[in-house]
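Here's the structure, in structure tokens; my notes come after.
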Number of protein chains: 2
Amino acid sequence: MKSEIECLTCVYNQILRISKVATESSSDIEIILKESAKYLGNANLNLTPPELAQPLYKLVYKITKNDDPYKNIKDEHIKIALTLYPKLKEFVEKGSDRLLESTKVAMMGNAIDLGSTFDKIEIDFEKFLTDNFELNDYIEFKKAIERSKKILFIGDNAGETVFDRVLIETLLDLGKEVKYAVKSKAIINDATKEDALKSGIQNVVETGSQMAGTVLYKLSEDFIQILKNTQLIIAKGQANYETLSDEELPIFFLLKIKCAPISRSIGYNIGTNILLKSKKYKLKS
Amino acid sequence: MKSEIECLTCVYNQILRISKVATESSSDIEIILKESAKYLGNANLNLTPPELAQPLYKLVYKITKNDDPYKNIKDEHIKIALTLYPKLKEFVEKGSDRLLESTKVAMMGNAIDLGSTFDKIEIDFEKFLTDNFELNDYIEFKKAIERSKKILFIGDNAGETVFDRVLIETLLDLGKEVKYAVKSKAIINDATKEDALKSGIQNVVETGSQMAGTVLYKLSEDFIQILKNTQLIIAKGQANYETLSDEELPIFFLLKIKCAPISRSIGYNIGTNILLKSKKYKLKS
């Protein structure tokens, strides 16, 4: 999907937030914010939001000489999420439909996101279960899983990885072959291979990209092959929706709706946890 | 006080917010946000925040051909505040120190502010009373009132005006002569003469300005005379603090701290309701 007017202020806020983590120099942050403003003044809103934001993240990394500002926060999020892991597993075991409960756990993890305003790990299960869920596509999702041997799981943020692991383990128990895709280099708090491994996920593949979401022309040839030869793709988070929703790929999106443009695009309120079949979804045999 | 790095993103967010109220045209908002970004890319942070933001508000008014986007919201806020008025008076009458309670009521009103992220009228008295208050300067404030015959009260937002009226009425009961200063033309949701009169305030004077806060070179000659010949000034809200804190005037500021730069400048946490004597305060005889 294209960027919208709200993306301009949202990206600008993101850049201030990450800059403050990356450096203590106010004058460096002033340079970053002024250069970012000049860029936004000529922004191309036909780009997807991750493409729009990318040059500014690179600018932060360059000016602050820090190419992974959220490193410590990512580690902390993974650590906290790992302490929650037994409780997440217990939650799944107690439910009547393990796949459904695992899917909800993966959704729960998407509350972790330093690229939006939702930046806390929500660990309050009671509260989460009274959240808004939109699972109309679940029956088709379940059917697609039954029919697929190979599943590609495209991850999103570090820490969320542990929540994804719970769904992956359910898929493995169902006899599926699951690849977990991560960024090749750190961008915002997106998971890298190191983050996925620390979270206890095996069979990790790198996308070849250092951009939020999954932008086709930024992917490695190897990963494009994986993407095209997979029967079913599970893609986490807004950035993957933003960059993949117009592609002809067999995708189910799992995400928490965190902003107005996504809310308008999908048609559900901000805060909704949604399982969403891609408009262009066709089940591969 | 000068603007700080956070002012850049804050102003940008404000401009999106008011633009959405001013027009339904996404393309107009895109023009406004891109032009605003270009301006912020060359912004002079030596300006006070209201001076920094001013050209962008004017831009919104010009592009949308709407020079008072918050008109309806201001009217609504005044209406709601007027329904609260009897309860505010009761709150004051029940207290042991009427001046103190009236001062708290005026502080309470400063929660209304469409130029910051606090944009709801907080009407929960119980909650308000457990808020953070910083009233160290109250004894000196009380003394200054006792010694002053003429008091200039510089207002802030529409709706807040009704809360200010309660403090003004206490001052009138104490035999003081009180002038209430408002903007000469609408800017953001700042009170104009019409708003003050609707709120039940008499003796309203206009500052000659259409800029948030009180920027000396923007004031009318008449108002400058009032400012200079007043024994005591009570100034409401952040914008008045931002623009008057470096002036040699006998001011007490009454405000809710709503952002990081003000929090750092004053030395109290965001959310604190503070009564603050100006650093350059000298009691006029």
For this session: Determine whether the stretch B:79-102 contains at least one residue that is within 15 Å of the chain's Cα centre (by Cα), within 28 Å of B:Ile188 (Cα to Cα) and in the same structural domain as B:Ile168 (by TED's automatic domain parsing).
Result: no
For this session: Please give the number of the condition A:Ile112 fails out of (1) in a helix (DSSP H, G or I); (2) not assigned by TED's automatic domain parsing to the domain that holds A:Cys10.
Result: (1)
Exercise. What about A:Thr83, is it among the hydroxyl-bearing types (Ser, Thr, Tyr), more than 14 Å from chain B (Cβ to nearest Cβ) and surrounded by 20 or more Cβ atoms within 10 Å (Cβ to Cβ)?
Worked result: no
Seminar exercise, completed: Picked from the stretch B:12-24 (must be assigned to a helix (DSSP H, G or I) and either of a type outside the set (A, V, I, L, M, F, W, C) or at the interface with chain A (Cβ under 10 Å from one of its Cβ atoms) (or both)), the residue farthest from B:Leu45 (Cα to Cα) is B:Lys20
Problem set entry | Check on B:Ile112, at pLDDT below 90 and either away from chain A (no Cβ under 14 Å) or farther than 30 Å from A:Lys34 by Cβ (or both) | yes
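Being modelled with pLDDT of 95 or more, closer than 18 Å to A:Ser3 by Cα and surrounded by 16 or more Cβ atoms within 10 Å (Cβ to Cβ) is the requirement here; does B:Ala37 meet it?
Against the criterion (modelled with pLDDT of 95 or more, closer than 18 Å to A:Ser3 by Cα and surrounded by 16 or more Cβ atoms within 10 Å (Cβ to Cβ)), B:Ala37 qualifies.
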Exercise. So B:Ser3 clears everything in (1) away from chain A (no Cβ under 14 Å); (2) touching a residue at least 24 places away in the same chain (Cβ under 8 Å); (3) within 23 Å of B:Leu276 (Cα to Cα); (4) part of a loop (DSSP other than H, G, I, E, B) except one condition, right? Which one?
Worked result: (1)
Exercise. With (1) facing another protein chain (nearest Cβ under 10 Å); (2) touching a residue at least 12 places away in the same chain (Cβ under 8 Å); (3) over 23 Å from A:Glu35 (Cβ atoms) as the list, and B:Ser27 as the residue in question, which single condition is left unmet?
Worked result: (2)
Exercise. Which one of the conditions (1) within 14 Å of another protein chain (Cβ to nearest Cβ); (2) under 25 Å from A:Leu33 (Cβ atoms); (3) surrounded by 16 or more Cβ atoms within 10 Å (Cβ to Cβ) does B:Gln54 fail to meet, given that it meets all the rest?
Worked result: (1)
For this session: Inspect all residues belonging to the stretch A:33-41 and state whether any of them is closer than 27 Å to B:Val11 by Cα, touching a residue at least 40 places away in the same chain (Cβ under 8 Å), aliphatic (A, V, I, L, M) and within 14 Å of chain B (Cβ to nearest Cβ).
Result: no
For this session: Take B:Val105 and decide whether it is in contact (Cβ under 8 Å) with a residue 12 or more places away in the chain, out of contact with any Leu (no Cβ under 9 Å at 6 or more places or on another chain) and either more than 12 Å from chain A (Cβ to nearest Cβ) or not in a helix (DSSP H, G or I) (or both).
Result: no
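Here's a check for you: in the stretch B:64-74, which residue that is part of a helix (DSSP H, G or I) and touching a residue at least 40 places away in the same chain (Cβ under 8 Å) is surrounded by the fewest Cβ atoms within 10 Å (Cβ to Cβ)?
Of the stretch B:64-74, the ones part of a helix (DSSP H, G or I) are B:64, B:71-74.
Retained after the next criterion (residues that are touching a residue at least 40 places away in the same chain (Cβ under 8 Å)): B:64, B:71, B:73-74.
On the way: B:Thr64: 20, B:Lys71: 17, B:Ile73: 15, B:Lys74: 26.
Top of the filtered list is B:Ile73.
Go through the stretch A:143-161 residue by residue and tally those that are charged (D, E, K, R) and within 21 Å of the chain's Cα centre (by Cα). Spell out how you get there, then give the answer.
Looking only at the stretch A:143-161, we keep the residues that are charged (D, E, K, R), and these are A:143, A:146-147, A:149-150, A:156, A:160.
Add one more test, that the residue is within 21 Å of the chain's Cα centre (by Cα), and what stays is A:150, A:156, A:160.
Residues that pass the stated criteria total 3.
Taking into account only those residues within the stretch A:265-280 that are farther than 23 Å from A:Phe163 by Cβ and touching a residue at least 24 places away in the same chain (Cβ under 8 Å), which is surrounded by the fewest Cβ atoms within 10 Å (Cβ to Cβ)?
That would be A:Lys279.
The values are calculated or read from the model by the stated rules, or taken from the named source; none is laboratory data. Note that the structure is a prediction, hence the values are computed from the model and not measured. Don't worry about glycine lacking a Cβ; one is built from the backbone with ideal geometry, like all the others, and counts go over all protein chains shown.
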